[in-house]
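The values are calculated or read from the model by the stated rules, or taken from the named source; none is laboratory data. Note that this is a predicted model, so its numbers are computed, not measured. A quick note on method: Cβ atoms are made from the backbone with ideal geometry, for glycine too, and the neighbour counts reach across all protein chains shown. Side chains included, ligands, DNA and RNA excluded: accessible areas come from the protein's heavy atoms. Shrake-Rupley method; radii C 1.70, N 1.55, O 1.52, S 1.80 Å.
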Amino acid sequence: MSPPALMMDVQSNDSTTIPTTKMTLPQVNSVPVNGTTKMETIDDMAGKWNDFKFAPIRESQVSRAMTRRYYADLDKYAESDIVIVGAGSCGLSTAYVLAKARPDLKIAIIEAGVAPGGGAWLGGQLFSAMIMRKPADAFLREIGVPYEEDGSDSNYVVVKHAALFTSTILSKVLQFPNVKLFNATTVEDLITRPDGNGGIRIAGVVTNWTLVSMHHDDQSCMDPNTINAPVIISTTGHDGPFGAFSAKRLLSMGALASLGGMRGLDMNLAEDAIVKGTREIVPGLITGGMELSEVDGANRMGPTFGAMALSGVKAAEEALRIWEDRRAQCEDEFGFIAATTDKAV
Ligand code: 48N
């Protein structure tokens with residue numbers, strides 16, 4: 001027989017009042033340091049491990065601290081201003097530029113993997129170094145990633161480990177208060193609206209837990225969730241289980257007549273084409289990074305990442321160029337107001 005649930009006077013915002021048995025929590029075993037009872041630094045702990053003790057916790061406090069925040073975020077970002085699909089090097093670069101330029105916009109990033117970063121944790125063939133051709137070094141300076149040059153007149157720079165770039169851009173993006181990363185979450189469809197000309201406009205994304213999305217073939221009726229937004233930026237890459245997702249979905253729904261299909265490797269042609277081609281491919285949806293190679297039939301560039309960063313810069317610029325118009329279209333819908341006003345709907 002399980003022991004009676006221990007009722008503790010645990011602070012919670014729950015409206016349900018539960019009878020509590022007042023307990024005196026064990027005092028945190030504080031080791032007085034310079035007269036204080038707090039361990040302010042890890043130096044305070046050095047050599048005092050025998051007396052060390054964490055502050056007491058009840059498991060439900062951890063559960064509530066996590067779930068309360070997650071569900072508040074789901075509620076807040078159910079109406080987003082911009083959704084970025086795919087947190088690879090292009091998606092993260094896009095998010096950085098957007099969040100910095102428009103702190104008033106709510107930006108949701110949907111990433112299928114548990115670990116965001118896409119293919120940018122390593123260079124080519126699982127090697128460590130990341131190469132970026134000039135002028136993409138400007139982006140490295142913008143986000144504060146150190147790099148080397150192979151000779152004073154080299155046309156490229158080298159980040160000693162790709163993870164240094166990815167961890168830095170990820171850290172910067174996650175620190176913006178107007179950005180929410182929903183990782184381990186897949187966009188498994190797009191929200192569409194008639195565009196008034198017989199075609200469609202993209203007005204949001206359809207999401208599910210990635211582990212659920214991967215089992216629609218062996219489990220039926222696992223319905224998704226949704227996020228409305230006037231602008232979607234799809235940077236889902238060309239690789240992996242969901243690569244080029246939006247491009248393929250737009251083709252299957254008839255919004256794109258055909259896909260060009262990624263072509264062979266040519267660094268010079270590929271990187272210029274991806275950056276210059278980053279654009280709104282159907283009303284409300286911008287495509288950047290390697291997903292665009294599938295749309296346009298652009299070459300692949302292999303193990304050089306400058307185009308991913310600068311495609312992100314361009315995608316952000318394109319998003320801000322079209323956002324007001326797309327938002328106005330959203331406002332027309334049944335009087336719903338776009339996300340930034342956060343007006344209850
Ligand atoms: O890193 P990727 O795959 O994509 P990009 O475009 O940011 O960077 C591409 C780059 O890594 C290269 O491929 C290099 C330059 N090589 C080129 C070459 O010639 O080989 O990131 C895409 C991200 C991944 O993290 C996926 O997990 C995620 O998008 N993703 C999705 N997330 C949510 N919903 C989806 N449907 C989805 N599909 C992919």
Could you give the size of the charge dipole of the range 190-339 about its Cα centre, using +1 on the Cβ of each K and R and -1 on the Cβ of each D and E, expressed in debye and rounded to the nearest 20?
160
Here the Kirkwood hydrodynamic radius of the range 152-288, Cα-based and in Å, equals 17.6
Before I look further, what does the range 36-88 give for accessible area per residue, probe 1.4 Å, in whole square angstrom?
69
Karplus (6.51, -1.76, 1.60) ³J(HN,Hα), θ = phi - 60°, over the range 288-295, in Hz, Gly and Pro reported as x
x, x, 6, 4, 5, 5, 6, 6
Evaluated at 10 °C with a viscosity of 1.306 mPa s, what Stokes-Einstein diffusion coefficient in µm²/s does the range 234-341 have when Rh comes from the Kirkwood expression over alpha-carbon pairs?
109
Where does each of 100-109, 192-201, 300-309 land if you order them by average Cβ count within 10 Å, highest first?
300-309, 100-109, 192-201
Return the equivalent ellipsoid semi-axes of the range 202-253 as a descending list in whole Å, where each equals the square root of 5 times an eigenvalue of the C-alpha gyration tensor.
19, 16, 10
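Round to a whole number: what % of the accessible area of the range 93-251 belongs to carbon and sulfur, probe 1.4 Å?
55
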Most to least packed among 216-229, 124-137, 51-64 [average Cβ atoms within 10 Å]
124-137, 216-229, 51-64
Name the residues whose placed amide hydrogens come within less than 5 Å of the amide hydrogen of V231, ignoring near sequence neighbours (fewer than 5 apart) on the same chain.
V83
Total charge dipole magnitude, the range 94-214, about the Cα centre, Cβ charges on Lys, Arg, Asp, Glu only, Debye to nearest 20
360
Distance in nm between pseudo-label sites at Y71 and D104 (7 Å out along the Cβ direction from Cα):
3.2
By what distance, in whole Å, do the Cα atoms of the range 140-214 stretch along each of the three principal axes, largest value first?
55, 33, 28
Percent antiparallel among DSSP beta bridges (both partners in the range 71-225, rounded to 5):
65
Taking L174, L190 and ranking on accessible area (1.4 Å, protein atoms only), highest first, one gets L174, L190
For the range 184-303, whose charge dipole is built from +1 on Lys and Arg Cβ atoms and -1 on Asp and Glu Cβ atoms, the candidate among F245, I232, G261 with its Cα farthest towards the positive end is I232
Express in nm, to one decimal, how much length is gained between A129 and M253 on full extension, taking 0.36 nm for each residue of separation and deducting their alpha carbon distance.
40.7 nm
